[in-house]
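The values are calculated or read from the model by the stated rules, or taken from the named source; none is laboratory data. Only a predicted model underlies this, so the values are computations on that prediction, with no experimental measurement involved. Cβ placement follows ideal geometry from the backbone for every residue including glycine, while neighbour counts extend to all protein chains displayed.
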Amino acid sequence: MNPKKSTRPEVKGIKCKKACILIKLKTRNQRTMNQRNVALLLAFLAALIYGVSYTVAKDVMPLYIKPYGFIILRVLGATILFWIISVFAKKEKIEKQDYLRIFLAAIFGAAFNMLTFFKGLSLTTPISASVIMLATPILVLLLSTIILKEKVNLKKIIGITIGLLGAFVLIVYGQSMNSGENPLLGNFLVFVNATLYSFYLIIVKRLTDKYHPLTFVKWIYTFGLFMVIPFGFAELQEVQWQLMSTNILIKAGFIVVFTTFFTYLFNLFALTNLKPTTLSIFIYLQPVIATIYALITKSDHLSIIKILATLLIFVGVYMVTIVNKPKRIT
């Protein structure tokens, strides 16, 4: 018997197994890349909506609806929409210990972050508030390192720094500076908001790793609704709906449906495939989008500073979003 001939089928079998494993790994990596690309697209769409909302919200608030009353409207509308779409979602049972995490997410992401931001914005200037909000990705980076034990590399730090520089230049040097009613208190409240939202991203990441977003987001907003009602109920009663034009009603609806419901939904789905630090970097795109929208509506003008600042922001976002791409198998 020839031993060489008897081993050939075994060799072929081993080669086939290796080929199958490689094909499966390639397919898995391709699927992961596709899911990540969708997550990045959702994060961009959320930033796009937020950027446009700065201009849209100014036409509604505080002339027609005061800030805290508007918050109740936003949270109430989003709560109803989240409960409606949850009917079509996969049924999952939430473990009892996770309801505490959901309650904390409501405090940080659906109630007090909005309350502190709107109150702070009423006391300081939009420019100062925007600059302070740029601290969010840095806070998320620190919290992710401490709580989630996320690995931080030099490329990600450089990307966040470049994006921060670009956003700072765009906000500070791209617009005129005005004084607020109480800048010190206003700036402090905006910073509290940035801190709360950073904690929210960390808490929600733990939930998205365990459940489908539609399983728990309805509870986040339900808890949040009960928290904001005592603050804004009186202001909501003061709203004179009959004085609002169709245009103003549409803009108010845009803030409730798109700026609240869709942005939170997009960010939650994005978090299922992205790290909190990657998602938070998209906040740097908001002043860019706000500027582009202002240019389109002819309420602002283009300058070299705005162009250079925008380029810096896109470079920073690019550096952070490409850090953790899965390696391709060849």
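Starting from residues that are free of Cβ contacts under 8 Å to residues at least 60 places away in the same chain and either surrounded by fewer than 18 Cβ atoms within 10 Å (Cβ to Cβ) or charged (D, E, K, R) (or both), keep the ones in the stretch 96-124 and report whichever is nearest to Phe261 (Cα to Cα).
Taking the candidates together, the pick is Leu100.
Could you pull out the residue among Leu139, Leu189 that is within 19 Å of the chain's Cα centre (by Cα), crowded, with 19+ Cβ neighbours inside 10 Å and either at pLDDT below 80 or farther than 30 Å from Ser303 by Cα (or both)?
Leu139
The rows are residues; the columns are (1) among the basic types (Lys, Arg); (2) more than 21 Å from Leu76 (Cβ to Cβ); (3) at pLDDT below 95.
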{"position": "Tyr200", "(1), (2), (3)": "no, no, yes"}
{"position": "Leu207", "(1), (2), (3)": "no, yes, yes"}
{"position": "Thr215", "(1), (2), (3)": "no, no, yes"}
{"position": "Phe223", "(1), (2), (3)": "no, no, no"}
{"position": "Phe226", "(1), (2), (3)": "no, no, no"}
{"position": "Val239", "(1), (2), (3)": "no, no, yes"}
{"position": "Gln242", "(1), (2), (3)": "no, no, yes"}
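Could you pull out the residue among Phe269, Phe282 that is of a type in the set (Phe, Trp, Tyr), crowded, with 17+ Cβ neighbours inside 10 Å and modelled with pLDDT of 90 or more?
The match here is Phe269.
Restricting the search to the stretch 223-262, which residues are polar (S, T, N, Q) and over 20 Å from Ala105 (Cα atoms)?
Gln237, Gln240, Gln242, Ser245, Thr246, Asn247
If you check Tyr50 against the conditions, is it of a type in the set (Ser, Thr, Tyr), in a helix (DSSP H, G or I), touching a residue at least 60 places away in the same chain (Cβ under 8 Å) and under 30 Å from Val239 (Cα atoms)?
Yes: the conditions hold for Tyr50.
May I ask you to list the residues in the stretch 232-263 that are hydroxyl-bearing (Ser, Thr, Tyr), over 18 Å from Phe118 (Cα atoms) and in a helix (DSSP H, G or I)?
Hit for the stretch 232-263 is Thr246, nothing else.
Here is a list of conditions, (1) farther than 19 Å from Phe117 by Cα; (2) among the small types (Gly, Ala, Ser); (3) at pLDDT 90 or above, and Ala89 meets all of them except one; can you say which number that is?
(3)
Regarding the stretch 65-72, can at least one residue be identified that is closer than 29 Å to Thr297 by Cα, touching a residue at least 24 places away in the same chain (Cβ under 8 Å), of a type in the set (D, E, K, R) and surrounded by 21 or more Cβ atoms within 10 Å (Cβ to Cβ)?
No, the stretch 65-72 has no match at all.
If you check every pair at least six apart or on different chains, which have Cβ atoms under 8 Å apart with a residue in the stretch 164-188 that is under 17 Å from Leu121 (Cβ atoms) and assigned to a loop (DSSP other than H, G, I, E, B) first and a residue that is modelled with pLDDT under 70 and hydroxyl-bearing (Ser, Thr, Tyr) second?
From the stretch 164-188, the pairs are Met177/Thr125; Asn178/Thr125; Ser179/Thr125; Gly180/Thr125; Gly180/Ser128.
Whether any residue in the stretch 156-167 is crowded, with 22+ Cβ neighbours inside 10 Å, polar (S, T, N, Q) and either closer than 14 Å to Tyr284 by Cα or at pLDDT 80 or above (or both) is what I want to check.
no
Do any residues in the stretch 133-146 that are farther than 13 Å from Leu196 by Cα and in contact (Cβ under 8 Å) with a residue 40 or more places away in the chain have Cβ atoms under 7 Å from those of residues that are hydrophobic (A, V, I, L, M, F, W, C) and assigned to a helix (DSSP H, G or I), where the two are at least six apart or on different chains, and which pairs are they?
Sorted first by the residue in the stretch 133-146, then by its partner, the pairs are Leu134/Leu164; Leu134/Ala167; Leu134/Phe168; Leu141/Ile160; Ser144/Ile202.
Given the structure, is Ser128 at pLDDT below 80, buried (at least 22 other Cβ atoms within 10 Å of the Cβ) and small (Gly, Ala, Ser)?
Judged against the criteria, Ser128 is a match.
Which condition breaks for Glu150 when tested against (1) assigned to a loop (DSSP other than H, G, I, E, B); (2) at pLDDT 80 or above; (3) closer than 22 Å to Phe266 by Cβ?
Of (1) assigned to a loop (DSSP other than H, G, I, E, B); (2) at pLDDT 80 or above; (3) closer than 22 Å to Phe266 by Cβ, only one is false for Glu150: (2).
Of the residues that sit in the stretch 53-82 and are of a type in the set (Phe, Trp, Tyr) and assigned to a helix (DSSP H, G or I), which one is farthest from Asn267 (Cα to Cα)?
Tyr68
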